[in-house]
1. Could you name every one of the strands (runs of 3 or more DSSP E) located completely within the range 41-122 that has at least 2 residues being in contact (Cβ under 8 Å) with a residue 60 or more places away in the chain and either surrounded by fewer than 15 Cβ atoms within 10 Å (Cβ to Cβ) or of a type in the set (Gly, Ala, Ser) (or both)?
2. Might you check whether a residue that is modelled with pLDDT under 85 and touching a helix residue (DSSP H, G or I) at 6+ places or on another chain (Cβ under 9 Å) occurs anywhere in the range 125-132?
3. Which numbered condition trips up SER35, out of (1) open to solvent by 100 Å² or more (accessible area, probe 1.4 Å); (2) in contact (Cβ under 8 Å) with a residue 40 or more places away in the chain?
4. For the range 6-32, which positions are open to solvent by 40 Å² or more (accessible area, probe 1.4 Å), part of a strand (DSSP E or B) and not hydroxyl-bearing (Ser, Thr, Tyr)?
Amino acid sequence: MSIFGDGGFDAREVEPAGDMDLIPAGTYKARIIESEEKPSKQNPQNRYLALTFEIIDGQFKGRRLWENINLINSNGTAVQIARQQMSAICRAVGVLHPKHPSQLHDISMMIGVKVTKRSDTGDAQNKIKSWKSIEEAAKESVPAGASNQSAPWEAA
């Protein structure tokens, strides 16, 4: 049986996908929905973890972002950065010692997104710059000197 089913695929029945504009720089509630270990195209001995993030709230709900974490690489700096990124991701989802990447899936976190230029084409692209737990991000959004807790006399 064909992947298109017995009747085939009829493009006249479905509106084509439009242009996908960039997500504006900012902080978004997201979760990891897929992960896959892949070999590097330049050096198959180098391996990275390809993560797919999905925004789960707000105007851009359902949009996806991708991040590659270079955990096995001949470049020591790349590995150090990757390990720091993994630490941030693990802390953001509260899984500090995962045995498999799937343990990081479907747990809400806050991601910081920026807009950068691709090094190969110069085109603008989204890049994830930070990963934080929902709680940590909420604490950071409280102005300096303010408290996110009610005073004892304000308790209900």
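The values are calculated or read from the model by the stated rules, or taken from the named source; none is laboratory data. The structure presented is a predicted model; accordingly, all values stated were derived computationally and were not measured. Heads up, the Cβs are rebuilt from the backbone with ideal geometry, glycines too, and the neighbour counts pull from every protein chain shown. Please note that ligands, DNA and RNA were not included when accessible areas were found on the heavy atoms of the full protein model with its side chains. Shrake-Rupley method; radii C 1.70, N 1.55, O 1.52, S 1.80 Å.
1. It comes to 109-117.
2. no
3. Checking SER35 against (1) open to solvent by 100 Å² or more (accessible area, probe 1.4 Å); (2) in contact (Cβ under 8 Å) with a residue 40 or more places away in the chain, the one that fails is (1).
4. Within the range 6-32, LYS29, ARG31 meet the criteria.
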